[in-house]
Structure formats: C-alpha cells, structure tokens
Amino acid sequence: MNKVILLNKRPVGKPTADDFKFIEEELPVAMNGQVLLKTLYVSVDPYLRGRMSSAKSYIPPFNLNEPIQSGIVAEVIESKNPDFKVGDHVSGILSWKELQVSDGNGLMKVNSSAIPLSAYLGILGLTGLTAYLGLMEIGKPKAGETLVVSGAAGAVGSVVGQIGKILGCRVIGLAGSDEKTKMLTSKFGFDVAINYKTTTDMQSAIATAAPNGVDIYFDNVGGEISDAVLANVNQLARVPVCGAISVYNETEVPMGPRIQTTLVKSSILMQGFVVSNYAAKFPEAIKQLSIWLQEGKLTYTETIVHGFDQIPQAFIDLFEGKNEGKMVVKI
Ligand code: NAP
C-alpha cells in the first residue's frame, strides 16, 4: 500500500496534527507516457499555510481530503516516458505520497554529483531563487549599503544575508535564538545578528547595529519586527516584502503603525513579490548561485527530519522556529 497525506481540516490559528490525515491507497501504476516516482525529499514551507486556508491568493488553496503538495525530489523507479529513465532524479511540485505517477510535466532533472539532492529544495531550489531574485530585483543592493534581513536564520534569510555580504553590504540579521544569531555571524558572515525574542527594544537595537541607517530591508516576517526596522530606514530605502510569517496564523491580522507617511517622507520603495514573478530569470539566478557555491562564497544549512510520517510535524515546527536553514524531510 502507498501512504498519502491529505488536508483533513483548514487550520484555525496555528496548524496542528489534526489538520492532516494519513491514508493508504493502492500502489500507483505508470501508464504509457508516465513515470513512477519514489519520494526522497519533501520541502515544507511557510507558504503552504496560506494554501491550507480557503482565502483567495496567488495560488489556489488545497482542497479538503486531497493530498497536500510541495516541492519534492524523487527518483524515477519505472519509466514509460522516453524523456526519463529509471534512476533519474527529478524535482517538482508533487503530492505528499510515498509513490506517485507523473506525465513528466513540470519535472526538472536534478543531478546529485555536484551537490546533495536536498539542495534542490533549498539553495538551488525555490528558496535560493526567492532570496536571490527578491534581493536583486527589488532590493538592488550596492556596496557600502546596510541590509537588514528578518527570518535571517531560515532558508531564504540565510541566503539573502550572504548575498548581501558578497555584494559588499553591511548585513544585520534578526532571528529567534542565540544559537541562530551565533550561526549568522560565525557561519554566514553577517556583521551583526539580533535575537528578537530576548531584545526588549528592537527599534534601538537596530539603530545601534545600523549607525548609518537601513538602506534595504528584506522582510520575511512582517509584524512588530518589521515596524522596528521600518523606523530606521534611510531615504530611498528598498523593502522587498517576501513573507509575513509572524501573522500567518493570526485569525485577525493585528493592526500596526500606518506606514504611508514613512514611505512618503523617505521616498521608500516597498514591494511584495512571489518568486514566480521572476520565472524568466530562474536560469541566470541558478547559474549565479551555483558559481558562488562552487567558489565557496555561499554556503547553506539544512534541518533534515527523517520519515514520511514526520512531514506534518516538520511543517508545524517552522512556526516554532525549530529549523536552521532549509527544513527538509528525508523519506
Ligand atoms: P524559514 O525562514 O526557513 O522558516 C521559518 C522561520 O520563520 C522559522 O525558522 C522562525 O525563525 C521564523 N518564524 C516563525 N514564526 C515567527 C514569528 N511569529 N515571528 C518571527 N519569525 C518567525 O522559511 P522560508 O522558507 O525561508 O520562508 C521565509 C519567509 O519567506 C516566509 O515568510 C515565507 O512565506 C516567505 N517566502 C516567500 C516566497 C515568495 O515567493 N515571496 C518564497 C519562499 C518563502 P526564528 O527562530 O528566527 O523565529
């Protein structure tokens, strides 16, 4: 039998184990034109929380009692499609199933000889692309500028900060534990890292860390952390708004300061984005990220959780900050 994870209920507030349902189905069979895939690595991502709710967004919600989907790296174990052979590794948006069939649409072949397969869900996958394209296309960093990154010890944030350093910025990271802030300065080369959970006055902590003010704020979290950063931005600052994980589980979105006057007074560009806006630039972004990886200028970390049954809990743990770098489940 084949294990599958379905959306059982739409979460109210923080997702819980009850929101997911494990079932077993007959083993899938590949028909002509299809491949049979064995799941190897599953990406769990904060944006899946949005797809679990019924609210209209840039991507359709998951249906109740249907499999959840996310980025997956899989192995072709049977092929009736001439474009794939047994033993190929592929990545794509696939279902939370141990085995599944695909007609090959949307699958990308990946190669484990240069980098571990899990990296195609992180640094060389959507989170690496999000970091690179959000920063380059909206943040437009210049040497000597100050870049602040929230969610800095996570999959996107840790890459954003390192790219900022490669391009000559002063980089300040905000994260939720002392282990994480230490990792940001020692492993990823951030100039300063601030633990937002133990700092009582974030606005002054950022002012101290950024004596010349903030030129770019790469926002992964929203909420009060972002209010504190925005109080420190310079004229013509750029604010790529990548995510707002601090409010994803709120049943009523909390009210913050009204920021229009800040935006006007300092001529700030604040722009939300989804990485797919820049799909045409994915090849050039992957090329640049790969070069930096090979040159040793860029590195990454992963939190690898083991076992198909652990996928929902790994997802829930993102909201507790239990990951460093990319959270991936190895099957
Ligand atoms: P991640 O940062 O690896 O994991 C989530 C992290 O968020 C946790 O480790 C935790 O770190 C932090 N967090 C959780 N609850 C928080 C809260 N209430 N306040 C502040 N921080 C909190 O996840 P990721 O995949 O790299 O995603 C980061 C952000 O980018 C998310 O908002 C996500 O939705 C967004 N994103 C956007 C796009 C796009 O196309 N726009 C693509 C990918 C991701 P701490 O321990 O530091 O709290």
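Bear in mind these aren't lab numbers, they're just calculated from the coordinates by the rules spelled out. Note that the structure is a prediction, hence the values are computed from the model and not measured. As a convention, Cβ positions derive from the backbone with ideal geometry for all residues, glycine included, and neighbour counts pool all protein chains shown.
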**Request:** Report relative contact order for region 126-276 in percent, whole number only (criteria: Cα-Cα under 8 Å, sequence separation at least 6).
**Result:** 23 percent
**Asked** So what are the ³J(HN,Hα) numbers for region 91-97, from phi and the Karplus equation (6.51, -1.76, 1.60; θ = phi - 60°), rounded to whole Hz, Gly and Pro as x?
**Response** 10, x, 7, 10, 8, 6, 9
**Request:** Multiply the residue gap between Q235 and K287 by 0.36 nm, knock off their C-alpha separation, and tell me the result in nm, one decimal place.
**Result:** 15.4 nm
**Asked** By the scheme Lys and Arg +1, Asp and Glu -1, what is the net charge of all other residues having a beta-carbon under 9 Å from that of P240?
**Response** -1
**Complete:** Calculated from DSSP helices alone, with each H run of at least 4 adding -39500 (n - 2.57) and the total divided by the residues of the chain, [θ]222 nm to the nearest 500 comes to -6500 deg cm²/dmol
**Request:** Write out the GluC sites (Glu not before Pro) in region 1-36 meeting two conditions: DSSP loop, and at most 11 other Cβ atoms within 10 Å of their Cβ.
**Result:** E26
**Request:** Rounded to the nearest 10 degrees, what's the angle between the helix 155-166 long axis and the longest principal axis of the chain, both from Cα atoms, 0 to 90?
**Result:** 50 degrees
**Request:** Please report, in debye to the nearest 20, how large the charge dipole of region 181-312 is about its Cα centre when each Lys and Arg carries +1 at its beta carbon and each Asp and Glu carries -1 there.
**Result:** 360 debye
**Complete:** Phi angles of region 130-137, converted by Karplus (6.51 cos²θ - 1.76 cosθ + 1.60, θ = phi - 60°) into ³J(HN,Hα) in whole Hz with x for Gly and Pro, give 4, 4, 5, 6, x, 6, 6, 7
**Request:** Have a look at L99, V86, V159 and report the one farthest towards the positive end of the charge dipole of region 84-170, computed about the Cα centre with Cβ charges (Lys/Arg +1, Asp/Glu -1).
**Result:** V159
**Request:** Within the set of other residues whose C-beta is less than 12 Å from the C-beta of E320, count the net charge using Lys and Arg as +1 and Asp and Glu as -1.
**Result:** +2
**Asked** By how many nm would the segment from A280 to E252 lengthen if fully extended, with 0.36 nm per residue of separation less the alpha-carbon distance?
**Response** 6.5 nm
**Fill in**
Taking a crude spin-label model, label points 7 Å out from Cα along the C-beta direction, the N63 to D178 distance in nm is 5.1 nm
**Complete:** Between the modelled labels at T198 and T262 (7 Å from Cα along Cα→Cβ) the distance in nm is 2.6 nm
**For region 273-281, Karplus couplings with θ = phi - 60° (6.51, -1.76, 1.60), whole Hz, Gly/Pro x** = 7, 10, 4, 5, 4, 10, 3, 5, 9
**About the Cα centre, charge dipole magnitude for the chain (Lys/Arg +1, Asp/Glu -1 at Cβ), debye** = 620 debye
**Prompt:** Which whole-number percent is the relative contact order of region 41-187 (Cα, under 8 Å, 6+ apart)?
**Reply:** 15 percent
**Message:** How many angstrom lie between the Cα centre of region 265-281 and the Cα centre of region 185-206?
**Reply:** 25 Å
**Prompt:** Measuring from label point to label point, each 7 Å out along Cα→Cβ, what is the H306 to D18 span in nm?
**Reply:** 3.2 nm
**Request:** Please give the direction-averaged projected area of the C-alpha convex hull for the chain, in square nanometres with one decimal.
**Result:** 16.7 nm²
**Item:** Stretchable slack from D227 to K9, in nm (0.36 nm times residue separation minus alpha-carbon distance)
**Value:** 75.2 nm
**Request:** Give the order of V76, V156 when sorted by the count of other beta carbons within 10 angstrom, beginning with the fewest.
**Result:** V76, V156
**Complete:** Under the rule rounded for a/c under 1.5, else prolate if a/b exceeds b/c, else oblate, using alpha carbon gyration tensor axes a ≥ b ≥ c, region 35-169 is classed as oblate
**Message:** Pairs of alpha-carbon atoms within less than 8 angstrom and 6+ residues apart define the contacts here; what relative contact order does the chain have, in percent?
**Reply:** 17 percent
**Message:** Running a GNM on the chain with Cα contacts under 10 Å, which residue among K182, K140, K85 ends up with the highest mean-square fluctuation?
**Reply:** K85
**Request:** Can you quote the Å³ per residue value for the convex hull of the Cα atoms in region 126-276, rounded to an integer?
**Result:** 108 Å³
**Asked** Which residues' amide hydrogens lie under 5 Å from the amide hydrogen of C169, considering only partners 5 or more residues apart or on another chain, with H built in the peptide plane?
**Response** G144
**Part-to-part distance (alpha-carbon centres) for region 37-72 and region 220-260, which is given in Å** = 25 Å
